[in-house]
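Report on one structure; see the data block that follows.
The numbers here are math on the coordinates, done by the rules we state, and not lab data. Remember, predicted model here, so these are calculated numbers, not experimental data. FYI the Cβ positions are ideal-geometry reconstructions off the backbone, even for glycines, and counts take in every protein chain you see.
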Amino acid sequence: MAQVSEELDLPCYLDYSTALNVTNKHHMKKVFAEHGIPTAEFAITESPSDIRMNFPLVVKPADCNSSKGVVKVSSTRELDEAFTAAKKLSRTGSVIIERYLEGIEVSVDAWVEDGKAKILCMSRNDKIPGTFVIFRGLYPCIEAVKVKRKIQDTVQKIADAFGLKNCPMLIQLITDGEDVHVLEFSARTGGGTKHIMIEHVTGLDVIDMTVELALDNTPHIMPVKMSDIYLADEFIYCSEGIFERLEGFDALKDRGILEDYYMFKWKGAEFDGGVHNSGDRIAGFTITDETLEGLSMKHDEVLRNVHVISRDGRDIMRHDLFTAIHSSKGENS
């Protein structure tokens, strides 16, 4: 988008060089280090044999998304295998190896206006155990609220370091309740249904705001007051089969149990039974409530009454991947 806009002399909120810099983790990590932005210890190398960090480690392609090729490794053999796979997935053949961090993973959505970064929403990413694939976004993230000042300072440092003036931002970070470490960021809105979460929380339509930027208009936002609601965006994955239809969703939406639901794939989509990255999700739904207890009860009722039916009549929804909703500390990385 940035390159085409530049060549055709069209307005764009990012120039081409900045767009490259904010989509390549290799460059991103170097900028973090140069500007004192807290991040995990990392190495960018041509060979995993050069690594001198202790296990466990995380291996990532430098320029992929949706958690493609991101693997936690605990041995030299696993490191070699993950490095080879990540190198094949990377468009530039670049791989990042970083120290594994314990803590809560927080998704921070922000908006930069005239160089000043404003936090819109902070939600917790719950991931499928043993993977880096998100199955739930939960708002509010209590652990993030405790370190909001540090998060705000870090978000502003990122905007300054990359010369961002007017744009959306998505930052993924880890917190232990005291410190924060940035995993990565992008100058875009959150994917999937994140824009719906932000609108529930702030009343702002970030998709409309981003379109305004593309039309060379600069949206102005007043100080952001986050809502007191509890909200969960849940993502559905499938066991092996060919998708035919969803069951139970419309009835729950009519009753007000579900705020809404969304399709990410269509009739005839095939699933191999594995959950490899976020692109494997078939559907998602949003639930809201004024209390955490009410949110948890709605969540349980949804899981009892919705199904993903395959062409041969089986329920192929991975009900087993959903854990109970709670606000106590867990572990993600």
**Report entry** Dimensions (Å) - the stretch 266-323, Cα atoms, principal axes, largest first
**Finding:** 38, 25, 20
Report summary line: Mean projected area (nm²) from the convex hull of Cα positions in the chain is 17.6 nm²
Query - Hits among lysines - C-alpha to C-alpha of residue 298 under 16 Å, sequence gap 8 or more where chains match - result: 253
Requested in this report: Which order do the peptides 299-305, 251-257, 91-97 take when ranked by the mean count of other beta-carbon atoms within 10 Å per residue, highest first?
Outcome: 91-97, 299-305, 251-257
Requested in this report: Compute the length gained on full extension between residue 293 and residue 221: take 0.36 nm times their separation in residues and subtract their Cα-Cα distance, giving the result in nm to one decimal.
Outcome: 22.7 nm
Report summary line: By the mean-Cβ-within-10 Å protection proxy, highest first, 221-227, 74-80 rank as 74-80, 221-227
Query raised in the report: For the chain, what's the relative contact order in percent, using C-alpha pairs closer than 8 Å and at least 6 residues apart?
Result: 17 percent
Query raised in the report: Within a Cβ distance under 11 Å of residue 41, other residues only, what is the Lys/Arg minus Asp/Glu net charge?
Result: +2
Query - Shape box of the stretch 127-173 [Cα atoms, principal axes, largest first, Å] - result: 36, 22, 16
Report summary line: Between residue 324 and residue 272, the FRET efficiency computed from the C-beta separation at R0 = 35 Å comes out, to the nearest 0.05, as 0.80
Requested in this report: Work out how much length residue 160 to residue 3 would gain on full extension: take 0.36 nm times their residue separation and subtract the Cα-Cα distance, in nm to one decimal.
Outcome: 54.3 nm
Query raised in the report: Just from its helices, what would the mean residue ellipticity at 222 nm be for the chain, if runs of 4 or more DSSP H residues each count -39500 (n - 2.57) and the sum is divided by every residue, rounded to the nearest 500 deg cm²/dmol?
Result: -8000 deg cm²/dmol
**Report entry** Pair-distance profile P(r), taking every C-alpha pair of the stretch 39-195, with 5 angstrom steps and integer %
**Finding:** 2, 9, 17, 20, 19, 17, 10, 5, 1, 0
Query - Net charge, residue 309 excluded, C-beta distance under 13 Å - Lys, Arg +1, Asp, Glu -1 - result: 0
Query - Net length gained if the chain between residue 46 and residue 75 were fully extended (0.36 nm per residue, minus Cα distance) - result: 8.6 nm
**Report entry** Calculated from backbone phi, Karplus (6.51, -1.76, 1.60) coupling profile of the stretch 260-274 in Hz, x at Gly/Pro
**Finding:** 5, 9, 9, 9, 10, 9, 10, 3, x, 5, 9, 10, 9, x, x
